[in-house]
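First up is the structure itself, then whatever we jot down about it.
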Amino acid sequence: MSTETHNKTLAELDASKKTSAQLQQQLTGLQKNLVQESTQRVAAEEQAASLAKEREALAARSTELQSRLGSLEQERGQLNNELGTVRGQIKDLEQKLSSGSASAQEEITKLQKQAADLEADTTRLAKEREQLRQEQSQLAATLEQERLAKLAKEEEVARLTRTQEELSKSLQDEIAKGNITIQQVQDRLTINMVDRVLFDSGQAQVKPAGVEVLTQVGDVLHKVTDKQIRIEGHTDNVPISSKLQSRFKTNWELSTARATVVVRHLIDRGGVDKQHI
């Protein structure tokens, strides 16, 4: 085997190893995303179940308060009737007393005490009724807030779904090639790009094809004004060559530089507001 053929074979083997490492890294990333997505979905389902139970409890409490208010109204009516009867009896006795009946004064005193007790009960019921009405009003306000919060959450998820659909349509070719994946879990959208789409190995300068992809992403993301956009740089697991160690000591520095370049592109050329990144 000639030296040239030997070197070519070594180069092909090295390239094959790099490609294999990149594919393995992509597979690991996808597996990690699946685990995260599953965990987030379970947490979201548990949260939704907890909120549903809380709403049921609040609705039951509201029904209970309404029933209690009805009972109080009925009891108050009965007390008012009794109080009216006692006052009528007092009036009759006062008339008897004015006509000289000796036993009327003692009866009047007893009825006056009974009337005072009934008035105290009526006052107590009125106070309890007002407290119940306030509690019911607070419960109604809480239920309304939860309803509005649920509607806002649903609208937020719907907006994010529209953003995902727009990105998927714009990047459908790269998605079909397996270079890009887009995942949505509740109110979070994750876009994963294989490093070779944007950068050559060991480089932090975006390739022309990568510029086109980032431009498509920026065209969608600059419309998103109610979300925080997080950029994470990544590389393959091939050690930095001696030539590049003056610029990037390790893959850590390289991934940081790549993330910064992407941020700059989205701000300067994609029109994304830097306050959202």
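The values are calculated or read from the model by the stated rules, or taken from the named source; none is laboratory data. This structure is a prediction, so every number in the text was calculated from the model and none was measured. Note that each Cβ is placed from the backbone with ideal geometry, even for glycine, and that neighbours are counted across all protein chains shown. Accessible surface areas use protein heavy atoms only, side chains included; no ligands, DNA or RNA. Shrake-Rupley method; radii C 1.70, N 1.55, O 1.52, S 1.80 Å.
Structure values in brief
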{"quantity": "Cβ pairs under 9 Å, 6+ apart, first in segment 167-194 and closer than 12 Å to VAL213 by Cα and among the acidic types (Asp, Glu), second assigned to a strand (DSSP E or B) and modelled with pLDDT of 80 or more", "calculated": "GLU174/ILE180; GLU174/MET193"}
{"quantity": "Number of the condition not met by GLU37 [criteria: (1) within 30 Å of THR190 (Cβ to Cβ); (2) at pLDDT 75 or above; (3) acidic (Asp, Glu)]", "calculated": "(2)"}
{"quantity": "Residues satisfying the stated conditions in segment 152-174, i.e. farther than 22 Å from ASP226 by Cα, of a type outside the set (Asp, Glu) and open to solvent by 60 Å² or more (accessible area, probe 1.4 Å)", "calculated": "GLN172"}
{"quantity": "Failed criterion for SER201 (all others in (1) out of contact with any Asp or Glu (no Cβ under 8 Å at 6 or more places or on another chain); (2) in contact (Cβ under 8 Å) with a residue 60 or more places away in the chain hold)", "calculated": "(1)"}
{"quantity": "Segment 218-277 - residue that is closer than 25 Å to LYS153 by Cα and charged (D, E, K, R) and, of those, surrounded by the fewest Cβ atoms within 10 Å (Cβ to Cβ)", "calculated": "ASP226"}
{"quantity": "Lone qualifier among ASP226, ASP219 - being assigned to a loop (DSSP other than H, G, I, E, B) and either more than 28 Å from the chain's Cα centre (by Cα) or charged (D, E, K, R) (or both)", "calculated": "ASP226"}
{"quantity": "Among (1) at pLDDT below 70; (2) surrounded by fewer than 11 Cβ atoms within 10 Å (Cβ to Cβ) - the single one GLU56 does not satisfy", "calculated": "(1)"}
{"quantity": "Total residues in segment 39-93, condition closer than 30 Å to LYS113 by Cα and free of Cβ contacts under 8 Å to residues at least 12 places away in the same chain", "calculated": "11"}
{"quantity": "Residue that is touching a helix residue (DSSP H, G or I) at 6+ places or on another chain (Cβ under 8 Å) and assigned to a helix (DSSP H, G or I), where the choices are GLU174, GLU165, GLU144, GLU155", "calculated": "GLU174"}
{"quantity": "Residue ID - modelled with the highest pLDDT, chosen from residues in segment 88-100 that are open to solvent by 60 Å² or more (accessible area, probe 1.4 Å) and touching a helix residue (DSSP H, G or I) at 6+ places or on another chain (Cβ under 6 Å)", "calculated": "GLN89"}
{"quantity": "Residue within segment 216-226 that is modelled with pLDDT of 85 or more, in contact with a helix residue (DSSP H, G or I) (Cβ under 6 Å, 6 or more places away or on another chain) and under 24 Å from TRP252 (Cα atoms) present", "calculated": "no"}
